[in-house]
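Here the structure is laid out as structure tokens; the discussion comes afterwards.
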Amino acid sequence: MLGVIEAFGGYPGLGGYYLWDEPSLEDFSSVRRAAEIIRSHDGARLPMVGMLPSYGRYRWPREYPTFARRFMRVVDPEVVAFDFYGVRQTTPDGPPTVNPFLYRDLRLWSDLAREVDRPLWLYGSAVGWGRWPGRALPRCAFRRRRPWPMARVV
């Protein structure tokens, strides 16, 4: 991680480091340590963490709110960010609608961000994962392999 900070920290266009994507409960302490490394070596840049939505490993009503609150308490992020892929859903009898689970997750993260006076960033899917203008979209992220290196946090 220090090598990345040293290599890229001098670039004026760099706003931060995408530190972790959708960490699990077991990762929270490591995420916090990694964020502290960034803060101590490049305090002008933001350590960014994108959180898992409720359709992942942790579900409503019990697991997901507990998961989100613990993240906020342990990691203490500068920006509260989560992704939600599948913003639109189709129904057999009607037109596409917005996935109602998005609003439930958005409300929780919004409330948690407001409690600690932090900005909230939600990013959703720009395109679907299914067939789009007659072609299948690439599904590299779902091949169970990581095409990018993971930094080791000590």
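Approximating the spin labels as points 7 Å out from Cα along Cα→Cβ, the Glu63-to-Leu106 distance works out to 2.5 nm.
For the stretch 1-76, applying the loop criterion from DSSP together with a ceiling of 16 other beta carbons within 10 Å to the chymotrypsin sites (Phe, Trp or Tyr not before Pro) yields Tyr55.
Applied to the stretch 73-85, the Karplus parametrisation 6.51 cos²θ - 1.76 cosθ + 1.60 on θ = phi - 60° returns per-residue 3J(HN,Hα) values of 6, 7, 7, 6, x, 6, 10, 8, 10, 8, 10, 8, 9 Hz, with x for Gly and Pro. Between Tyr85 and Trp121, the simple spin-label model (points 7 angstrom out along Cα→Cβ) gives 1.8 nm. In order along the stretch 54-67, phi translates into HN-Hα couplings of 6, 8, x, 5, 9, 10, 6, x, 8, 5, 5, x, 5, 4 Hz, rounded to whole numbers, per the Karplus curve 6.51 cos²θ - 1.76 cosθ + 1.60 with θ = phi - 60° and x for Gly and Pro. Assuming R0 = 41 Å, what is the FRET efficiency of Arg39 and Val98, from their Cβ-Cβ distance, to the nearest 0.05? Computed FRET efficiency for Arg39 and Val98 comes out at 0.70.
R0 = 30 Å: FRET efficiency of Glu78 with Tyr55, Cβ-based, nearest 0.05? Result of the calculation: an efficiency of 0.70. Extension gain, Glu22 to Arg70: 0.36 nm times the residue separation minus the Cα-Cα distance gives 15.9 nm.
Backbone phi angles across the stretch 11-16, fed through the Karplus curve with coefficients 6.51, -1.76 and 1.60 (θ = phi - 60°), yield HN-Hα couplings of 6, x, x, 7, x, x Hz in residue order; Gly and Pro are listed as x.
Amide H contacts of Arg88 (H built 1.01 Å from N, in plane; Pro and chain starts excluded): Asn99 sit under 5 Å, all sequence-distant by 5 or more or on other chains.
Values quoted throughout were computed directly from the atomic coordinates according to the rules given, and no laboratory measurement underlies them. Because the structure is a prediction, the values reported are computed rather than measured. With ideal geometry, Cβ positions are generated from the backbone for all residues, glycine too; neighbour counts draw on all protein chains shown.
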